[in-house]
Amino acid sequence: MAKLGRFVTDRNGAFCQITLDSREKILVGHEGHGFNGSVTIEVLKFMRFSSDRIFACDLRSPEGRAALTHLTRDAQPGSVEATALGAFAAHFKSCKSVVEVKTRCVALMSIR
């Protein structure tokens with residue numbers, strides 16, 4: 001099972017690192033506050049000095065609102081999973097590899 005890192009918050013948003021079963025590391029970030037802004041996923045490379053963005057979702061777009069609604073539908077009010085970052089991190093923490101993360105990203109953005 002993947003290892004979910006701690007949630008770090010700064011004035012621009014928040015992020016957390018997930019180490020997948022394949023030992024690849026992704027960074028799930030939320031820029032903005034509340035349910036506004038955007039969520040991104042980056043694959044961390046060589047000692048975290050560089051990364052490749054593989055997913056970006058504007059939470060104000062119809063697709064972003066639908067994805068966030070889908071991910072938070074069963075979350076308990078006030079829980080970490082009820083936040084934008086927590087919902088996306090929870091969705092991707094069971095992935096085994098970056099390929100699976102990419103597949104889930106495509107599926108998530110096709111939800112209506």
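The values are calculated or read from the model by the stated rules, or taken from the named source; none is laboratory data. What you see is a predicted model; the values in this text were computed from it and never measured. Note that we place each Cβ from the backbone using ideal geometry, even for glycine, and neighbour counts take in every protein chain shown. Side chains are part of the model used for accessible areas, which takes the heavy atoms of the whole protein and leaves out ligands, DNA and RNA. Shrake-Rupley method; radii C 1.70, N 1.55, O 1.52, S 1.80 Å.
Hey, what did the chain get for relative contact order, percent, Cα under 8 Å, at least 6 apart?
In percent, rounded to a whole number, it is 24.
State to the nearest 20 debye the size of the charge dipole of the chain about its Cα centre, where the only charges are +1 on K and R beta carbons and -1 on D and E beta carbons.
Values: 16 positive and 11 negative charges, 34 e Å.
In debye, rounded to 20, the chain gives about 160.
So who's got an amide H within less than 5 Å of the one on residue 21, skipping anything under 5 residues away but keeping other chains? H placed 1.01 Å off N, in plane.
2
In degrees between 0 and 90, to the nearest 10, how far off the longest principal axis of the chain does helix 98-109 point, with axes built from Cα atoms?
Long axis of 98-109 versus the principal axis of the chain: about 10 degrees.
Could you state the accessible area per residue of segment 44-83 in Å², with a 1.4 Å probe and every protein chain left in place?
Working: 2800 Å² over 40 residues.
For segment 44-83, the per-residue accessible area is 70 Å².
For segment 55-112, which whole percent of the accessible surface, found with a 1.4 angstrom probe, sits on carbon and sulfur atoms?
On the way: 1760 of 3100 Å².
C and S fraction of accessible area: 57 percent.
Please report the accessible area of residue 91 (heavy atoms, 1.4 Å probe, ligands and nucleic acids excluded) in Å², nearest 10.
Here the residue's solvent-accessible area equals roughly 50 Å².
Let me know the Kirkwood hydrodynamic radius for segment 1-84, please, with Cα pairs as the basis and the value in Å to one decimal.
On the way: mean 1/r = 0.0733 Å⁻¹.
Kirkwood radius, segment 1-84: 13.6 Å.
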